[in-house]
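Note sheet for the following structure.
The values are calculated or read from the model by the stated rules, or taken from the named source; none is laboratory data. Owing to the predicted nature of the structure, the values given are computational and were not obtained by experimental measurement. No Cβ is skipped: glycine too gets one built from the backbone with ideal geometry, and neighbour counts run over all protein chains shown. These area figures cover heavy atoms from the full protein model, side chains too; ligands, DNA and RNA do not enter into them. Shrake-Rupley method; radii C 1.70, N 1.55, O 1.52, S 1.80 Å.
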Amino acid sequence: MDRTDWASLETPTGTGELLPAALARVLHTDPDVRATAVVDALRQVTHQNTIYQATVPVALFVAAVLNHPVTAAGHGRPGTAPAPRHVTRAVLLNWLGSTAYDADDECVAIGERAGDGVFLDECPDMRAFRDLRPVFYSAVHPLLGDDDADVREAALVAALPLSEHPLVVPRRDELADHARRMLTTCTDRGRRSRVLDALTAWGHDISTLENADDIAARELHARRVAERWAGGYSEDPPF
């Protein structure tokens, strides 16, 4: 963190000059301070599914602290009283996973179609994030077996887009085993959809893994896609 010139890095609202202080507080032992710091740090590089110059160093910091003991503790949600408890580690994993999906192969493919095949050349920050996916995966991997179910699920969902990197592809069999176990207990709709989509893309039969809600959500999505195509759209907005 000390070797990064944060003030020179672009964020959605300016530069990253305030990021070092916020990131340092992510490891604060006071849960309320830590909760505010997580929000302050991550929202500075989170806007419209875009990878900014400051995104990569923030992601590297998040990866570096995922296994720090402090992140295994709960923290409050700023502005609520009494505050519900969230494990800091799960919140960080959720952000890292969301960011990884913003830089996944599907996003690149859409960009390439719109940019005549030079999308990544024009998006060096996304390319830098994608090049570091094995590093991020190495930090996420130990948490696939975490004692906390929320952390385990968040780690798996984060690992899925990271596994698109050629060096991580060989880990997909292991991830598929974790996915099957997760689907027996997880009730989160978004997480289940991510996991089922990944298994399908990898060629696995999910017929015995889906529940009624999964099937209903899949069929609804298929209908909406068909309606967009019928209306003349070839991809999801925004274009």
* To do: At 1.4 Å probe size, with no ligands or nucleic acids counted, give the accessible surface of residue 51 in Å², nearest ten.
  => 20
* Structure fact -> Cα extents of the chain per principal axis, largest first, Å, are 48, 43, 37
* To the nearest Å, what is the center-to-center distance of the stretch 1-59 and the stretch 106-180, using C-alpha atoms only? -> 21
* Structure fact -> With every protein chain kept in place and a 1.4 Å probe, the residues 86, 47, 221, 165 fall, from largest accessible area down, as 221, 47, 86, 165
* On the full set of protein chains, 1.4 Å probe, figure out the accessible area of residue 60 and give it in Å² to the nearest 10. => 70
* To do: Determine, from the Cβ-Cβ distance of residue 39 and residue 221 and an R0 of 30 Å, the FRET efficiency 1/(1 + (r/R0)^6), rounded to the nearest 0.05.
  => 0.50
* Asked: Hey, rough spin-label estimate for residue 7 and residue 48, points 7 angstrom out along Cα→Cβ, what's it come to in nanometres?
  -> 2.7
* **Length-normalised contact order of the chain in % [C-alpha pairs under 8 Å, at least 6 apart]** => 13
* Could you give the accessible area per residue of the chain, probe 1.4 Å, as a whole number in Å²? -> 53
* Structure fact -> At R0 = 25 Å the Cβ-Cβ FRET efficiency linking residue 201 and residue 148, nearest 0.05, sits at 0.40
* **Whole-Å semi-axes of the stretch 71-186's equivalent ellipsoid (Cα gyration tensor)** => 29, 19, 12
* Asked: Under Stokes-Einstein, with the Kirkwood radius over Cα pairs standing in for Rh, what whole-number D in µm²/s applies to the stretch 135-221 at 10 °C and 1.306 mPa s?
  -> 121
* Asked: Based solely on its DSSP helices, what 222 nm [θ] is calculated for the chain when runs of n ≥ 4 H residues each add -39,500 (n - 2.57) and the sum is averaged over all residues, nearest 500 deg cm²/dmol?
  -> -17000 deg cm²/dmol
* Would you list 46, 88, 185 from the most to the least accessible area, probe 1.4 Å? -> 185, 46, 88
* Calculate one ³J(HN,Hα) per residue across the stretch 199-214 by plugging θ = phi - 60° into the Karplus curve 6.51 cos²θ - 1.76 cosθ + 1.60, and present them in order as whole Hz with x for glycine and proline. => 4, 4, 4, 8, x, 8, 7, 9, 4, 8, 9, 7, 9, 4, 5, 4
* Quote the accessible area belonging to residue 98 in square angstrom, nearest 10, computed with a 1.4 Å probe and with ligands, DNA and RNA left uncounted. => 60
